[in-house]
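FYI, it's all coordinate maths here, none of it is from the lab. Remember, predicted model here, so these are calculated numbers, not experimental data. Heads up, the Cβs are rebuilt from the backbone with ideal geometry, glycines too, and the neighbour counts pull from every protein chain shown.
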Amino acid sequence: MFIDLAQLLRALCHLNWAFLSGNIMDYDIAIIGAGPSGLSLACSLRDSGLNIVVIEKQSRSQLADPAIDGRDIALTHLSRKLLKQQGSWQRIGDEHISPIACAQVVDGDSPYTLDFKSPGPQTNDALGFLISNHLIRKAIFDEFDSLHNAELIDQCEVASVSTQENHAQVTLARGDTIMASLIVAADTRFSASRRQMGISASSVDFGRTAILCWMEHELSHQHTAFECFQYGRTMAVLPMPGNLSSIVITVPSNQAQDILEMSESRFNEDVKTRLNGKLGDMKQTGQRFTYPLVGIHANRFYANRFALIGDAAVGMHPVTAHGFNLGLSGQDILASEMMAAQKKQQGFYSADVLRRYQQQHMLTTRPLYHGTNSIVSLFTNDDFPATLIRKAALRISNNFPPVKWAIQQKLMARNQIKSLLPGF
């Protein structure tokens, strides 16, 4: 009888660790982070036959009923398609979904706007779909909770991650060890797992803070979104169901406290004035939330038996509303490559699989990340030369149909971008 000594030694080491520190649990895939990207990956792999565990710091009850956090997400057509495929979209009531029919970009006090309109009156022609973040998270978790091949370890932190040629290992803070064929990190843009695996990332601290709230208004928004690049601040107005809009004000971080301390009546009047009365009287509902703005882009999306998805791979500035969407598309690419490998009886964790995922996802994320950062740099620079370039950019985009069409298609994002490289 042939005995693999290497496997025997590993088994003895595992038994020794279990005796000293805690239990050993075996899975095919260990996902770190139960945000939308991590849970969506599990949902995308429901028919894969793979045994999956998701590790999360929050409690199950927090995931099942997320608190309102002020964030409202403009989903692309591709994101809607992916959420439908996994079953989450059907869990969100139509009354919570607001199609975006038009979008206007405003520069400073100029009456000139860059306008985007949906191609037609049907829902399928909308520029995007606005849904509150907490409702999306709840729907995805509910769908995840129905899976038979995935389980959740909640209220648990990861102490360390490591990989060897033949396995990957997650050590939990409570002392247990998870052995897996593949680790997938979806643990925020400040990913500790990414750092432990030696993957560097480019980062930008924008020195700005986003202040978010909901506001009721006197006049209908006509399902129009506004992106107002005003001098000293940026304000986005996103149409929600009824006469309600999500307001996102971005200012230098040293000015954020002044806005937070404004009385509601003064805040209401300030927003009305900055919108030139487009929506009539404004009234804040609920509280104001704040988020510091930091962007990251990992320089690689994988290592041996390890992959990054969601914000751990790419954390975007919210101005182009692509961050959440990139997280959904990235997990879909990874899941598709893994299942394609299985059909060919190849390892779903292999370097070739992870390399193909990186090739495809990088093709989308890298230009979007750097392009968005350039837009932010230009439209938050109030120097005279920059303001001239801003105005010229709006007119060029508005008056050259191919340019405008390309921007609109990127906003709507109906399909995944496939790699053009041979063999990928």
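At a glance:
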| read-out | value |
| --- | --- |
| Approximate spin-label separation D125-S200, in nm, with each point projected 7 Å along Cα-to-Cβ | 4.9 |
| Nitroxide proxy distance, nm - points 7 Å out along Cα→Cβ at S160 and K117 | 6.2 |
| Cα→Cβ-extended label distance, 7 Å offset, between T285 and K344, nm | 5.2 |
| Potential lengthening between H148 and D26 on full extension [0.36 nm per residue; Cα-Cα distance subtracted] | 42.3 nm |
| Local electrostatic count at N243 - Lys and Arg +1, Asp and Glu -1, tallied over other residues with Cβ under 11 Å | -2 |
| Stretch gain in nm, segment A64-S265, where the contour uses 0.36 nm per residue and the Cα spacing is subtracted | 68.9 nm |
| Simple Cβ-charge dipole of region 213-339, Lys/Arg +1 and Asp/Glu -1, about Cα centre, in debye nearest 20 | 240 |
| Kirkwood hydrodynamic radius of region 37-177, Cα pairs, Å | 17.8 |
| Taking E264, E143 and counting other C-beta atoms within 10 Å, the order from fewest to most | E264, E143 |
